[in-house]
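Engineer: Please find one structure pasted underneath; my questions will follow.
Just so you know, all these numbers are worked out from the coordinates, no wet-lab data involved. If you're wondering where the values come from, they're calculated on a predicted model, not measured in any experiment. Cβ coordinates were reconstructed from backbone atoms using ideal geometry, including for glycine residues, and neighbour counts include every protein chain displayed.
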Amino acid sequence: MKSNLSVRKVWILSILASFFVASCSDETTVFENPEDNLVSETDQSKLDNSISFDRAGVLDIYEDPINSAKRSSLTGKEEAGDYPLTLIAQIAPPSFSNGENLAATHVVLDGDYGYVSYNTVGMDYVGAIDVIDISDPNNPEVTSRVYYTNADLNSIAYDNGYIYVVGGVDAEQSVTATANSLVAKIAVSSGRMNTSNISYGFQEGFNATDIRVVDNNVVVTSGQDGFVVVYDKNDLSVISEAAFADLRSVAYNGSEIAVLDAATGVSFLDAALNEVRSINIDSDFGVDAKRTLDFSNDKIIVSEGSKGAGIYNATSGNLIEYLPILTSPENAEPGEIVTNGVAVNEDILLMANGAGGLSLSENIDSDASAVGVIELTGSINYVASKGDYIFAASGRSGFQIIKLNRPTESLVSSCENLESFNGSSNYTVAQGSEEAFSGSKRFNSITVNGSLLLCGSWTVKNDLTINENGLFEMNGTIVIGRVNRQRDIVVKAGATLRVEGTMAVYGDLILEEGATLEFLGDNPIAAIWGSVTKANGATITGTFNDYYGKF
């Protein structure tokens, strides 16, 4: 969570004695006076202003030099890259009186919402929770925020109308709390948290580090002489517990629980928390440092600090390979370039490498192949990914929402007879040539002199130009430029741009004299960040969603 920050504590949390009415590890309590220790943000403008679109748009990937050289050597040109990612927005950490140094620690995604926990950099113990509505991918909203005035929050989960967060209580500062680690259950509906009736459970250990909801239970780990504890998710009563030396993370694959113990490695547990097998790992997991693990089919992937990510066979425990950290910024301290977290989403593996950024690998059944480092700012401390989204927590830089832009299943079906695109990242269609492709690629630029149909999801880092009498048809999604590097679509005299799906331009749309823009299908979207210039004689036909009102 804060493994690459020079602070006194990461997992220690301080909560006043009056916070609780009970404190035993086998009891559950309800916080009687939430107004004393929790503050709900009621100023919607403050929530709105926490979202920044300054860098929204196309994201490049700084590719692994070996893989990039292999692709380029096939044609002698730089080929278009896979994974056409876009940055949707950046969300700054909450800030309030006596809580100016909050850092994002954990993110969980469910449906149209993301749930984010925060703790505090430095000596103070202050935390927060955000709920973010991502139902509109072009306009995320912070719908609810709660400040903890005396607690850090280290991990978060969501299940069936409730947020579950874990942190801790400083028992030395409390006459009632005899255990440091806590789990809290908060109701949430339509993106709004209800703090009037919060339940708490407690367990031994230096601090609660991670949480997973498993069927009707909540599983919580606590570090340094702590436990893995199974709670009933309804009332947070303790069902079972097992002691460990220094737990950092817990994962669940639908049939078994795995925990990461910094002292020994990975332990696989049955329903009664008995260890059925283990993987001994001698990596340096750091002191009080965020480290996570995740299942991927028959493999388990472990964040191992300076070693990168270790990929193991979950059944045999054999090491398959290490995925190293791909970048080493010159201005970063060695201890800041460490793998803090990993996340698997279908065919991709993501690694949060602190100052080394967020790397993406292809998660192949037999092994993993590094693609490169995503063009993001900040030190990446945690990553979560589900569906078409990546949430990257960047400590004091807040977190960043990234869209994968995967083609939809219906689009893939309608384009199944088209060849997949394999060509230059600076792609030019010659005059008189008719070309059509399906797929999902990153381009530097596209120039159309003839006819081009792209069916799928695409990004263009620089300009897209349709020259005189050219035709460009797009079925799916295409994104051009970014807010801080604006680029244009230029449709020249007699040329036609035909859109069925979503076209997002972080720059201008320029229609020269005699140019034609046609919208097809059900509710196509034109999201133009800059301006629309329409010369005399240019025509626009079809019904569409003018997302930013620029037409």
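Engineer: In nm, what is the difference between 0.36 nm times the number of residues separating N98 and S328 and their Cα-Cα distance?
Structural biologist: Extra length available between N98 and S328 comes to 79.4 nm.
Engineer: Moving on to the next point. Hey, what number do you get for the chain at 222 nm if only DSSP H runs of n ≥ 4 count, each worth -39500 (n - 2.57), divided across all residues, to the nearest 500?
Structural biologist: Result for the chain: -1000 deg cm²/dmol, rounded to the nearest 500.
Engineer: Separate question: Starting from the amide H of G205, placed 1.01 Å from N in the peptide plane, find each other amide H under 5 Å away whose residue is 5 or more places distant or on another chain.
Structural biologist: N180, S181
Engineer: Computed over the Cα atoms, what is the radius of gyration of the chain divided by 2.2 N^0.38 Å, N being its residue count?
Structural biologist: 1.03
Engineer: Two decimals, Cα atoms only, Kirkwood Rh: what is Rg/Rh over segment 315-381?
Structural biologist: That ratio is 1.00, to two decimals.
Engineer: On to the next question. What is the diffusion coefficient of segment 409-546 in µm²/s, taking the Kirkwood radius over Cα pairs and the Stokes-Einstein relation at 10 °C with a viscosity of 1.306 mPa s?
Structural biologist: So the translational diffusion coefficient is about 108 µm²/s.
Engineer: Let me ask something else. Computed over the Cα atoms of segment 84-162, what is the ratio Rg over Rh, Rh following Kirkwood?
Structural biologist: Ratio of gyration radius to Kirkwood radius for segment 84-162: 0.99.
Engineer: I need to check one value: relative contact order of segment 427-551, counting alpha carbon pairs closer than 8 Å and at least 6 residues apart, in percent.
Structural biologist: Contact order relative to length: 17 percent.
Engineer: Longer than 28 Å from Cα to Cα, which of K77/K461; K290/K461; K441/K492; K46/K403; K386/K492 are they? Say none if no pair is.
Structural biologist: K290/K461; K386/K492
Engineer: First measure r as the distance between the Cβ atoms of D522 and S278, then evaluate 1/(1 + (r/R0)^6) with R0 = 51 Å and state the FRET efficiency to the nearest 0.05.
Structural biologist: It comes out at approximately 0.45.
Engineer: Here's something else I'd like to know. Out of all DSSP beta bridges with both ends in the chain, state the antiparallel percent to the nearest 5.
Structural biologist: Here the antiparallel bridges make up roughly 70 percent for the chain.
Engineer: Under the definition of Cα pairs under 8 Å and six or more residues apart, what whole-number percent is the relative contact order of segment 301-456?
Structural biologist: Relative CO of segment 301-456 lands at 13 percent.
Engineer: Another question, then. Let me have the relative contact order for segment 89-228, percent, based on Cα pairs under 8 Å that are six or more residues apart.
Structural biologist: 16
Engineer: Compute the distance in nm between two label points, each set 7 Å from the Cα along the Cα-to-Cβ direction, one at D388 and one at D347.
Structural biologist: 1.7
Engineer: Show the residues, 5+ positions off or on another chain, whose built amide H is closer than 5 Å to the amide H of G423.
Structural biologist: Sorted by chain and number, the residues that satisfy this are A80.
Engineer: What angle do you read, to the nearest 10 degrees and between 0 and 90, between the alpha-carbon axis of helix 65-75 and the longest principal axis of the chain?
Structural biologist: So the helix axis and the longest Cα principal axis differ by about 20 degrees.
Engineer: Modelled label-to-label distance, E321 and V287, 7 Å Cα→beta-carbon offset: nm?
Structural biologist: With each label point 7 Å from Cα toward Cβ, the separation is 3.5 nm.
Engineer: Please work out how much length the chain gains when fully extended from A243 to E468, using 0.36 nm per residue of separation minus the C-alpha to C-alpha distance, in nm with one decimal.
Structural biologist: Taking A243 through E468 to full extension adds about 73.8 nm, to one decimal.
Engineer: For segment 280-391, just the Cα atoms, rotate onto the principal axes and tell me the three extents in Å, largest first.
Structural biologist: The principal-axis extents, from largest down, are 40, 34, 21 Å.
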